[in-house]
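Structure record follows, encoded as structure tokens.
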Amino acid sequence: MEIKKNDRFVVKIQDMSEDGAGIGKMDGYIWFIKDTVIGDVVEAGAMKMKKSYGFARLIRVVEPSASRVEPRCPVARQCGGCQLQAMSYEEQLRFKENRVYHNLLRIGKFENLVRVGEKNGTEEAGESGGPEAGEFHTVPGAEDRAVFLPIMGMENPWRYRNKAQFPFGTDRDGKIITGFYAGRTHTIIPQEDCLLGVEENREILRVIKDFMNRYQISSYDEERHSGLVRHVLIRKGFRTGELMVCLVINGKKVPESGKLTAELLKIPGMTGISFNINQEKTNVIMGRETIHLYGPGYITDYIGSIRYQISPQSFYQVNPVQTEKLYGTALEYAGLTGGETVWDLYCGIGTISLFLAQKAKKVFGVEIVPQAIDDARRNAELNGMENVEFFVGKAEEVLPREYEKSQIPADVIVVDPPRKGCDRQCLDTIIRMAPERVVYVSCDPGTLARDLRYLCDRGYELKKVRCCDMFGWGVHVESIVLLSKLHTK
Ligand code: SAH
């Protein structure tokens, strides 16, 4: 059947793409249809067609999938921040876990990978339930198997984000509005309560809006590059309860700002209030300079027993509860006993490095962004950790250089690269340094599978894989993998 633009058709959704669009197949032709869920039968309207695949929009759900739920957020479809709001949380976890597993099979060719059940991660396999029971294999007696452990999901997948950014605008009646950009545009949809963010966001936004309306403080207009208030950045320390508000402004000051500070300080936990100056015509949110109106310029939070100071510009994991599980698993896989020398590549502000330093003799961190390393050093000092050292630079340059220079050994190497994965040269150096264990933390299953295959063709074997859900209702998934050096028998 030939389908033309705007034609309607009915199709069953069988799979989901990496960015959360449902996939339906018709006579070998593939349709990507947003806002659908695996198992739905939908009526869709053709939008754009290529030779072997096309994009269609959801017109109506003819038969809902058993895992379809009513999105809790009223603007789930327009906002685009959550791609999986119509999928039950349980199903999201299964979807994410399957994606990682299938990437490891398809790209990584890890045929010895065995999915194990919930109860006893290392021993129990097969029938014990857990995701996709049909796909469970019986555990072979052989030692060369690698185990794929059940994903670590969230106990409560709502209000887990410790950071939020809201743009300001003005409606037709001249009233200040704030909310979210409609998916891929810069049109603001008024919506003041994101269900992934903390409850306090609402009150903070109300205070700022009231203040702007009362004192006629303008919102920034992107097209004209005029007006004052661009965005607000809000952060909360989940353990400490400390709150930080940073108003990003197209100017150097805000009239009557003392009144704003006084109102914000009525909110329990308010620890830091600042302005960030961004007078550029850009869609980068933050500018370089920050002026502190109240407080020390940072909030404090903990992951595990490590303390971190977080300033408005610092990178910090947005889901602290799951981050603790992720780092805990990385630490467990590193198998430290106190005497090891460890490298933490792509270390950001050194969060994993400090976690590892609790149990290692020495940790070296490498990161490309100099400001992140400033934070890393400060946080090491704050925690009185003297056994960590940080290098600014590309992992693929710093690691070989330091290794050539001083033959610094490595018992364990941890990597946590961006989505494009590790550079070849970085992997080659790891192979030369021959650490006993490599722990790979990854935010992209495809490049993870590619890099693991490269290492496993050169003296390593896959031992354990475990996913961690850091972004409920979104498509991203983190994985932690343990590789160990092959010893010829
Ligand atoms: N491990 C950190 C951050 C991981 S995100 C944490 O858990 O918080 C990946 C980091 O890699 C980013 O901080 C990014 O700036 C850094 N990065 C990107 N390319 C790099 C490279 N070639 N060498 C070193 N670091 C790099």
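The values are calculated or read from the model by the stated rules, or taken from the named source; none is laboratory data. Predicted model, so just to flag it, every value in this text is computed and none were measured. In this analysis, Cβ positions are derived from the backbone assuming ideal geometry, glycine residues included, and neighbour counts consider all displayed protein chains. Quick note on the areas: whole protein, heavy atoms, side chains included, nothing else; ligands and nucleic acids left out. Shrake-Rupley method; radii C 1.70, N 1.55, O 1.52, S 1.80 Å.
Per-residue answers, yes or no, for (1) modelled with pLDDT of 95 or more; (2) within 23 Å of Leu336 (Cβ to Cβ); (3) surrounded by fewer than 18 Cβ atoms within 10 Å (Cβ to Cβ):
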position: Ile431; (1), (2), (3): yes, yes, yes
position: Val438; (1), (2), (3): yes, yes, no
position: Cys443; (1), (2), (3): yes, no, yes
position: Gly446; (1), (2), (3): yes, no, no
position: Arg453; (1), (2), (3): yes, no, yes
position: Asp457; (1), (2), (3): yes, no, yes
position: Arg466; (1), (2), (3): yes, yes, no
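Within the stretch 191-207, is even one residue part of a loop (DSSP other than H, G, I, E, B), within 27 Å of Glu289 (Cα to Cα) and open to solvent by less than 10 Å² (accessible area, probe 1.4 Å)?
yes
From the list Glu199, Glu192, exactly one residue is modelled with pLDDT of 95 or more, within 30 Å of Asn156 (Cα to Cα) and of a type in the set (D, E, K, R). Which is it?
Glu199
To keep it simple, each residue is scored yes or no on (1) surrounded by 19 or more Cβ atoms within 10 Å (Cβ to Cβ); (2) not in a helix (DSSP H, G or I).
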{"site": "Val232", "(1), (2)": "yes, yes"}
{"site": "Val248", "(1), (2)": "yes, yes"}
{"site": "Lys253", "(1), (2)": "no, yes"}
{"site": "Leu260", "(1), (2)": "yes, no"}
{"site": "Gly272", "(1), (2)": "yes, yes"}
{"site": "Ile291", "(1), (2)": "no, yes"}
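Please go through the stretch 405-422 and give me each residue that is loosely packed, with under 15 Cβ neighbours inside 10 Å and under 15 Å from the mean Cα position of the chain (by Cα), ordered by number.
The answer is Pro418, Arg419, Lys420.
State all residues of the stretch 274-289 that are open to solvent by less than 70 Å² (accessible area, probe 1.4 Å) and among the polar types (S, T, N, Q); if no residue qualifies, say none.
Selection gives Ser274, Asn276, Asn278, Thr282.
Restricting attention to the stretch 460-481, does a residue exist that is farther than 30 Å from Cys73 by Cβ, free of Cβ contacts under 8 Å to residues at least 40 places away in the same chain and more than 12 Å from the chain's Cα centre (by Cα)?
Yes, the stretch 460-481 has at least one match.
For Pro320, work out the one condition from (1) more than 15 Å from the ligand (Cβ to nearest atom); (2) open to solvent by less than 40 Å² (accessible area, probe 1.4 Å); (3) farther than 23 Å from Ala395 by Cβ; (4) modelled with pLDDT of 95 or more it doesn't fulfil.
(1)
Considering each residue of the stretch 323-353, count those that are open to solvent by 20 Å² or more (accessible area, probe 1.4 Å) and under 21 Å from Glu478 (Cα atoms), and give that number.
Final tally of qualifying residues: 7.
Since Ile303 meets every condition but one in (1) open to solvent by less than 20 Å² (accessible area, probe 1.4 Å); (2) in contact (Cβ under 8 Å) with a residue 60 or more places away in the chain, which condition does it not meet?
All conditions pass for Ile303, except number (2).
Out of Val465, Val441, report the one residue that is under 24 Å from Val369 (Cβ atoms), in contact with a strand residue (DSSP E or B) (Cβ under 8 Å, 6 or more places away or on another chain) and of a type in the set (Val, Ile, Thr).
The conditions single out Val441.
Have a look at Arg60, Arg72 and point out the one that is in contact with an Asp or Glu (Cβ under 6 Å, 6 or more places away or on another chain), more than 13 Å from Met16 (Cβ to Cβ) and among the charged types (D, E, K, R).
Sole residue among the options that is in contact with an Asp or Glu (Cβ under 6 Å, 6 or more places away or on another chain), more than 13 Å from Met16 (Cβ to Cβ) and among the charged types (D, E, K, R): Arg60.
List every residue pair whose Cβ atoms lie under 8 Å apart, where the two residues are 6 or more positions apart in sequence or sit on different chains, the first residue falls within the stretch 47-58 and is over 11 Å from Lys5 (Cβ atoms), and the second residue, located anywhere, is open to solvent by 80 Å² or more (accessible area, probe 1.4 Å) and of a type outside the set (Lys, Arg).
From the stretch 47-58, the pairs are Arg57/Met47.
Would you be able to say whether some residue in the stretch 330-344 is touching a helix residue (DSSP H, G or I) at 6+ places or on another chain (Cβ under 6 Å) and aromatic (Phe, Trp, Tyr)?
no
Residues in the stretch 12-43 that are farther than 26 Å from Val477 by Cβ and surrounded by 14 or more Cβ atoms within 10 Å (Cβ to Cβ): how many?
Count: 4.
Which one of Leu356, Leu382 is more than 19 Å from Leu482 (Cβ to Cβ) and either surrounded by 24 or more Cβ atoms within 10 Å (Cβ to Cβ) or touching a Lys or Arg at 6+ places or on another chain (Cβ under 7 Å) (or both)?
Residue meeting the stated conditions: Leu382.
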